[in-house]
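Visitor: Below are the structure tokens for one structure; questions will follow.
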Amino acid sequence: GLELSHCVGTSSLGPTGPWRSGGPCKMKRVRTVFKPEQLERLEQEFLKQQYMVGTERVDLAATLHLTETQVKVWFQNRRIKWRKQSMEQKAAKLSQFGVIQPASADSTDSKDHEEDTVDVEL
């Protein structure tokens, strides 16, 4: 779930939101740690479909005891990992055949990834 680190340097009278504030108490969101069973199920669903939306996402979140946002962000981050792995495999195949890759093989059209680069929980 969503956990917050302790208040830095002052009493705990600061804001309780998951984001850092400009006030004296800076709160930081702690990274969600998924259980192995949750990850296994998320990976299984990802193999079936790379996009999880609507009631399917709500049902999966409830089954795994996660929030819908956690499932959404997991899928966004997993798609980024999948694309990166695909690019690396493609580059490896091309290098096998002596095809020279451009210097920035990692850089792709940023518009394609704009919606997937979010790593937030609300």
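No value in this document is a laboratory result; all are computed from the given coordinates. The shown structure was predicted, so the numbers you read here are calculated from the model rather than taken from an experiment.
Visitor: Straight-line reach only, C-alpha to C-alpha below 29 angstrom: list the lysines that LYS90 could link to, leaving out same-chain residues fewer than 8 apart.
Guide: By straight Cα distance, LYS90 reaches LYS48, LYS72, LYS81, LYS111.
Visitor: Near the amide H of ARG29, under 5 Å away, which other amide H atoms are found, from residues 5 or more places off or on another chain, if H is placed in the peptide plane?
Guide: So ARG29 has HN proximity to ARG20.
Visitor: Once fully extended, how much extra length lies between GLU37 and ILE80, figured as 0.36 nm per residue of separation less the alpha-carbon to alpha-carbon distance?
Guide: Numbers: separation 43, 0.36 × 43 = 15.48 nm, distance 2.16 nm.
Extra length available between GLU37 and ILE80 comes to 13.3 nm.
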